[in-house]
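Undergrad: Dumping the structure here so I can ask a few things about it.
The values are calculated or read from the model by the stated rules, or taken from the named source; none is laboratory data. Not measured: the values here are computed from a predicted model. Using ideal geometry, Cβ is built from the backbone for each residue, glycine included, and neighbour counts are taken over all protein chains shown. Keep in mind that these areas ignore ligands, DNA and RNA; they rest on the heavy atoms of the full protein, side chains included. Shrake-Rupley method; radii C 1.70, N 1.55, O 1.52, S 1.80 Å.
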Amino acid sequence: MYMYYGDPYSEECYVYDDEKDGKNLIVSYECDNLCKAIADEFQYDYEWLDVLENNQIKLENIFDVDVETQDFDVIVSLLLYLDESIIFEDKFIDALNNGYLIRLLKRLGYWK
């Protein structure tokens, strides 16, 4: 699974052009499927921004949130925020690179 900015190194990916700075967003089919699955599962059931605000979680500091101590609603809200962040910032890519996304998914699996 991968997502990054640059040039594709495989044909099994989507390439999104960014006219502003000349960088391409590269998203593997596997990563795209994961994002769609998360969004399809939860997006209509959660006011994720309200959940994060009610738990006093600031979007700019989400990587400081102790995933292992958060409840189900917070974990889902963080995942939905990361999905949304693909559009307007690099948080999802950072979450892939630093292992945060995997920690969230493992925590989500705790309730399944």
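Undergrad: Relative to the present Cα-Cα distance, how much length would full extension add between residue 56 and residue 11 at 0.36 nm per residue of separation?
TA: Working: separation 45, 0.36 × 45 = 16.20 nm, distance 4.16 nm.
Fully extending the segment from residue 56 to residue 11 adds 12.0 nm.
Undergrad: With a 1.4 Å probe and all protein chains in place, put 5, 100 in order of accessible area, largest first. Don't jump to the answer; show the numbers that get you there.
TA: On the way: 5 75, 100 0 Å².
So the residues, ranked largest to smallest area, are 5, 100.
Undergrad: With only alpha-carbon pairs counted, each pair once and no self-pairs, how large is the Kirkwood hydrodynamic radius of the chain in angstroms?
TA: One decimal place: 14.7 Å for the Kirkwood radius.
Undergrad: Provide the solvent-accessible area of residue 42, counting protein heavy atoms only and rolling a 1.4 Å probe, rounded to the nearest 10 Å².
TA: 20 Å²
Undergrad: Now for a different question. With +1 on each Lys and Arg Cβ and -1 on each Asp and Glu Cβ, and nothing else charged, work out how big the dipole of segment 16-65 is about its Cα centre, in Debye to the nearest 20. Don't skip to the end; give the middle numbers.
TA: Details: 4 positive and 14 negative charges, 26 e Å.
For segment 16-65, the charge dipole is close to 120 debye.
Undergrad: Then there's this: May I ask you to give the average projected area over all directions of the convex hull of the Cα atoms of segment 10-66, in nm² rounded to one decimal? Spell out each step's value before the answer.
TA: On the way: hull surface 24.6 nm².
That works out to 6.1 nm², a quarter of the Cα hull's surface.
Undergrad: Could you give the size of the charge dipole of the chain about its Cα centre, using +1 on the Cβ of each K and R and -1 on the Cβ of each D and E, expressed in debye and rounded to the nearest 20? Provide the component values of the computation, followed by the final result.
TA: Working: 9 positive and 26 negative charges, 81 e Å.
Charge dipole of the chain: 400 debye, to the nearest 20.
Undergrad: Can I ask one more? Which of the listed residues, 59, 81, 102, is farthest toward the dipole's positive end in the chain, when Lys, Arg count +1 and Asp, Glu count -1 at the beta-carbon?
TA: 102
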